[in-house]
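These notes are about the structure you will find just below.
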Ligand code: IDP
């Protein structure tokens, strides 16, 4: 298995709920290391650029509005199989469908306010890490 890096975002709903620490603890307990971390408020342009692949989707405007509604915590996680492992820790996009013990099952309210983002492939991880942290 390869050591990988992936981009994680703790979204505004989870920051507002005061569960940054609990979420980061799950990454750490699973053996993922936080190698970059920044709390920030995304501008409209930053959120639109980050989610550019969803530009044509009906939920795009709501997604951008949500992601700019409050501060987020952007992190780079590193570890064995980090991309897939983070997706497993997160659970399904819709928290109602997320497995027990996953971050979204435990902390998310709805499909739009779903607590965390995680890169879904090696190509996305590279683009997303570069987007926030450069090379
Ligand atoms: P992911 O975050 O699990 O990778 P994507 O399909 O890449 O899911 O969607 C990106 C984000 O867009 C989701 O995390 C969620 O916040 C939002 N989203 C996805 N599908 C819907 C929807 O049907 N309604 C509202 N928001 C959605």
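Please treat every number below as a calculation from the coordinates, not as lab data. If you're wondering where the values come from, they're calculated on a predicted model, not measured in any experiment. All Cβ positions, glycine included, derive from the backbone under ideal geometry; neighbour counts span all protein chains shown.
Annotations for the structure displayed:
- Restricted to region 23-56, and to residues there that are in a loop (DSSP other than H, G, I, E, B), within 16 Å of the ligand (Cβ to nearest atom) and more than 23 Å from residue 122 (Cβ to Cβ), the residue that is farthest from the chain's Cα centre (by Cα) is 56.
- Residues that are under 15 Å from residue 70 (Cα atoms) and without any contact (Cβ under 8 Å) to a residue 12 or more places away in the chain within region 29-44 are absent altogether.
- Selection within region 88-125 - closer than 25 Å to residue 3 by Cβ, more than 10 Å from the ligand (Cβ to nearest atom) and crowded, with 16+ Cβ neighbours inside 10 Å: 89, 102, 103, 125
- Within region 1-15, being outside any strand (DSSP E or B) and loosely packed, with under 13 Cβ neighbours inside 10 Å holds for 1, 2.
- Count of region 29-40 residues, restricted to those that are surrounded by fewer than 13 Cβ atoms within 10 Å (Cβ to Cβ) and out of contact with any strand residue (DSSP E or B) (no Cβ under 6 Å at 6 or more places or on another chain), is 2.
- Residues satisfying the stated conditions in region 76-87, i.e. within 11 Å of the ligand (Cβ to nearest atom) and either without any contact (Cβ under 8 Å) to a residue 60 or more places away in the chain or on the phi > 0 side of the Ramachandran plot (or both): 87
- Residue within region 62-69 that is in contact with a helix residue (DSSP H, G or I) (Cβ under 7 Å, 6 or more places away or on another chain), more than 24 Å from residue 121 (Cβ to Cβ) and buried (at least 16 other Cβ atoms within 10 Å of the Cβ) present: yes
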